[in-house]
Structure formats: structure tokens, C-alpha cells
Amino acid sequence: MSVKKILTEPNKLLRQVSMPVEKVGDQERQLMDDMLDTMYSANGIGLAAIQIGVPKRIIVMDLSKDENKKEPMYFVNPVIKNKNLEKAKYEEGCLSVPNQFAEIERPNGCEVEYLDYSGRKKILKADGLLATCIQHEMDHLEGILFIDYLSKLKKSMIIKKLSKSKLSRIVV
Ligand code: GNR
Ligand code: NI
């Protein structure tokens, strides 16, 4: 298990569409372990593989509020089967868009079909934060970031800020 570097916008890799996993083997489990380590160390509640530069359709999440009680969730090749027609707004953030937050509207519930850590097929009904987070992570698999839902002006302001802070990190 090791903590990897999280890619931040702007970065072309974050715009790549991730590839389905053929088989959940030891290599994939190693990747999921590293992703979880990376997510915990960054205090995130979810992470997609592409955020550490691996274009595979793998997501890890942990929505547990108790730091001592870890509840890791693993999603390989997730597919959304049903989306609620009703929408909900959540204040979203993203480890790849550091220190930026915005209210995003999405279906308030969904059903996801996926393979778990051991490669078994599962179906999960999600609502609330779980549904929001899964949809946010599944967007990463398509190269989509939450800022893509904002107005052109808001989005370009955020990208400009992030570019500047990246530059200052190199200069200092
Ligand atoms: O840590 C995260 N918090 C969060 C809050 C609201 C909606 C989505 C998220 S996901 C984010 C971690 C992340 O960037 N995952 O891709
Ligand atoms: Ni994100």
C-alpha cells in the first residue's frame, strides 16, 4: 500500500476516458489499496484511478464519518442502471480541483452495477451523498470534472486560479 500523487486540473490525463478492467486480479487489488491509501491521506471520500494517473474504470470510496471505523467501498467497471428523475443539489469538491467548491445538481438516487474487490458482481441502490459521490466518481471515468457543469466564466476562473497556484508551486 502506498500514497500516490493526485493529479490536478489542468492535466490532460484527467480528460481521458478510462478503460474497462478485464479481470479483478492482484494487480487491480494492489491499485485499489494504493487508491484507498491516497484517498485517506488526502481526506477525500472518493477517488477514481485516473486521479492517480491510471486510466482504468476503478473507484474507491469511504463515506464513514468515524475515522476509526473505516468502511471502504470498491467499484470496478461500474455502470449506472437507473437514475432518479428527481434532482438534488450538493456542494461538491474534488481532490483534482483543490480548494474549489460549487453546488452541483444531479439525480438524487441511482442504481449501480459493478464488480467488488473480489470480482463479484454487485448491485447497489444509492441515495443522498452516496449517490452524489458515485456519480461524481463515474464522471471521472469519462474525463468529466464537476467544474464542467458550471458556467464558462466560473469554470475558466477556477482553471486560471489552479494554473496560477501550480505555477507558483514550481517557482517557489
Ligand atoms: O472528497 C471528495 N468530496 C466530495 C464532496 C462532494 C461531492 C463529491 C466529492 S468527491 C471528493 C473526492 C474526489 O475528488 N473524488 O473524485
Ligand atoms: Ni473528484
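Each value in this text was obtained by applying a stated rule to the coordinates, not by laboratory testing. For clarity, every value in this text was computed on a predicted model and none was experimentally measured. Here the Cβ is made from the backbone with ideal geometry for all residues, glycine too, and neighbour counts use every protein chain on show.
Computed from label points 7 Å out along Cα-Cβ, the spacing between residue 99 and residue 144 is 2.8 nm. Remark: spin-label model distance residue 83-residue 113 equals 1.7 nm, labels positioned 7 Å along the Cα→Cβ axis. The 3J(HN,Hα) values that the Karplus relation (6.51, -1.76, 1.60; θ = phi - 60°) gives for the stretch 42-58 are, in residue order, 9, 6, x, 9, x, 7, 9, 4, 5, 5, 10, x, 10, x, 10, 7, 9 Hz. Gly and Pro appear as x. Could you tell me which of rounded, prolate or oblate describes the chain, using a ≥ b ≥ c as the square roots of the eigenvalues of the alpha-carbon gyration tensor, with rounded for a/c under 1.5 and, failing that, prolate when a/b is larger than b/c and oblate otherwise? Here the chain falls in the oblate category. The slack in the chain from residue 12 to residue 123, taken as 0.36 nm per residue of separation less the alpha-carbon distance, amounts to 36.8 nm.
Scanning the chain for GluC sites (Glu not before Pro) lying in DSSP loops with no more than 16 further Cβ atoms inside 10 Å, the longest uninterrupted stretch between such sites is 87-141. Candidate membrane-span-like segments in the chain, meaning DSSP H helices with Cα atoms spread over at least 18 Å of their own axis and a Kyte-Doolittle mean of -1.0 or above, are 128-141, 152-171, with no membrane implied.
Between residue 65 and residue 170, the C-beta separation translates, for a Förster distance of 41 Å, into a calculated FRET efficiency of about 0.65. Label sites at residue 91 and residue 23, each approximated as a point 7 angstrom past Cα along Cα to Cβ, lie 4.7 nm apart. If you take every residue apart from residue 84 with its C-beta less than 14 Å away from the C-beta of residue 84, what net charge results, scoring Lys and Arg +1 and Asp and Glu -1? Result for the neighbourhood of residue 84: +2. Proximity of backbone amide H atoms, modeled 1.01 Å from N, is registered between residue 143 and 18 at under 5 Å, excluding neighbours fewer than 5 places apart on the same chain. Under unit Cβ charges (Lys, Arg +1; Asp, Glu -1), what dipole magnitude, rounded to 20 debye, does the stretch 125-172 have relative to its Cα centre? Roughly 520 debye for the stretch 125-172. For the stretch 53-151, trypsin sites (Lys or Arg not before Pro) meeting the loop criterion (DSSP other than H, G, I, E, B) and having at most 13 other Cβ atoms within 10 Å: 65, 69, 70, 120. Over 10 Å intervals from 0, what percent of Cα-Cα pairs in the stretch 1-90 sits in each interval? In order of increasing distance, the bins hold 15, 43, 33, 8 percent. Neighbours of residue 142 by Cβ distance under 12 Å: Lys/Arg scored +1, Asp/Glu scored -1, total -1.
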